[in-house]
Structures are given as structure tokens and as C-alpha cells.
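Just so it is clear, none of the values below were taken in a lab; they were calculated from the coordinates. Because the structure is a prediction, the values reported are computed rather than measured. Neighbour counts are summed over all protein chains in view; Cβ atoms, including those assigned to glycine, are modelled from backbone coordinates with ideal geometry.
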Amino acid sequence: MAIIPIKKKHEHDLFLTGFILIELLVAIAIIGILSSMAVAAVQYARAQAKIGKATSDINEIYKAMTALSNDIGAWPGNQPVDAVNAGNGNEICGDGCAFGIGDAQAGITASNGSANWSGPYMNEMALDPWSHQYFFDTDYRVTADNLPCNGGGSCVNAAVVGSYGPDGIGNNLYNKDDIIKILIK
């Protein structure tokens with residue numbers, strides 16, 4: 001019977017095993033940090049894409065409003081063209097208003113009964129990226145920098161078309177996340 005010597009572990013072998021474990025933990029930590037940065041970047045890109053989509057939609061609504069006003073001589077809801085109107089019920093917003101910008105009374109997607117109407121100027125009125133209706137307001141409050149007035153500073157009335165933004169708060173409750181296109185002020 002032959003005796004096989006048992007190989008003794010050396011400190012050097014233990015050091016290599018421990019070093020590999022530490023390398024593995026560092027690699028996992030780096031992957032975790034990189035993945036969290038990627039998730040944050042994707043969320044930011046999604047938010048920017050929604051703002052871009054809303055801006056594009058608002059420009060399309062503006063073009064439809066221009067065609068409507070060229071035909072019937074009025075903005076949606078028979079509002080006077082190129083005028084700021086601070087009268088009651090001038091908002092066209094759907095939620096909390098008498099009717100929405102995509103409803104027949106507005107005149108963009110269906111006839112509002114006006115003479116010379118030759119639409120539809122848009123086939124349908126989509127919701128904004130946050131699932132709210134777009135709005136048209138002829139007494140929307142803006143700052144001198146053409147930003148939504150948030151109750152402070154010097155503000156003036158303007159006719160705008162827009163989206164209430166991610167928070168969906170609107171109809172005379174203006175805030176900085178609103179996305180607007182000023183038609184006249």
C-alpha cells in the first residue's frame with residue numbers, strides 16, 4: 001500500500017481565494033451602480049420624450065386652429081381670433097370645462113355649425129402623454145418670460161393652447177410643469 005502525501009494548504013492559496021471573492025464583490029457593486037445610473041437615465045429620457053410628444057401635439061393643434069380660424073373667422077368655441085378674452089367660460093379643456101378641444105363645439109374634429117367650416121382639421125384629438133385633455137384658454141396667465149404664472153410676480157393674460165403637464169393640474173391653476181404655446185398676449 002502506497003502512502004499518498006496530503007498536500008498542505010499554504011497561506012498563499014487562501015490569499016488567492018479571498019482575493020477572488022473581493023474581486024467578485026467589487027464587480028457586483030460596480031454593476032449595481034451602473035445599472036442604477038442606467039435606470040435613472042432611462043426615466044429622464046422617458047420624461048423628456050413625453051414633453052416632446054406634448055409639444056408636437058400642441059403644434060398640430062395650433063395648425064388645426066389656424067385652419068379653423070381661416071375658414072370660419074374664429075378660434076375653437078367661436079372665440080374671437082387674435083384676442084385675449086377674460087370672459088367666463090372661455091376655457092376649452094374637457095375636465096372641469098363645458099367641453100373639450102376635441103368636442104364638436106370646439107370645431108376642430110367635427111363641425112360646430114359655423115358657416116364655411118370645411119374640416120375636420122384633425123381626425124381625432126389624442127390625450128396628452130399623461131392621459132389628460134389638451135386645453136385652449138384665452139385668459140391664461142403668463143410671466144414676462146412667457147412661462148406659466150404661478151401666482152407670483154407680474155403676469156399678463158394670453159391666449160394659449162397647451163397641456164397641464166405631468167401633474168394634470170389645470171383650469172386656472174397654472175404651474176411650471178404646464179406645456180404651452182402662446183398664440184397672443
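Values as computed for the structure displayed
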{"read-out": "Residues Leu68, Leu183, Leu21, sorted so that the one with the fewest Cβ neighbours within 10 Å comes first", "value": "Leu21, Leu183, Leu68"}
{"read-out": "Total lysine pairs whose alpha carbons fall under 21 Å of each other in the chain (8 or more apart, or interchain)", "value": "9"}
{"read-out": "Ascending count of other beta-carbon atoms within 10 Å, so fewest first, for Lys50, Lys176", "value": "Lys176, Lys50"}
{"read-out": "12 Å beta-carbon shell around Asp178, net charge (K/R +1, D/E -1)", "value": "-1"}
{"read-out": "Computed lengthening from Asn88 to Leu147, 0.36 nm per intervening residue step minus Cα-Cα distance", "value": "19.0 nm"}
{"read-out": "Extension gain, Gln105 back to Asn172 (0.36 nm per residue minus Cα-Cα distance, nm)", "value": "22.1 nm"}
{"read-out": "Whole-percent pair-distance distribution, where bins are 10 Å wide, for the alpha carbons of the chain", "value": "9, 28, 23, 10, 6, 6, 6, 5, 4, 3, 1, 0"}
{"read-out": "Residue exposure sequence - Asp71, Asp82 - by fewest surrounding Cβ within 10 Å", "value": "Asp82, Asp71"}
{"read-out": "Cysteines (scope the chain) whose Cβ has no counterpart Cys Cβ under 4.7 Å", "value": "none"}
{"read-out": "Angle in degrees between helix 11-72 and the longest Cα principal axis of the chain, rounded to the nearest 10", "value": "10"}
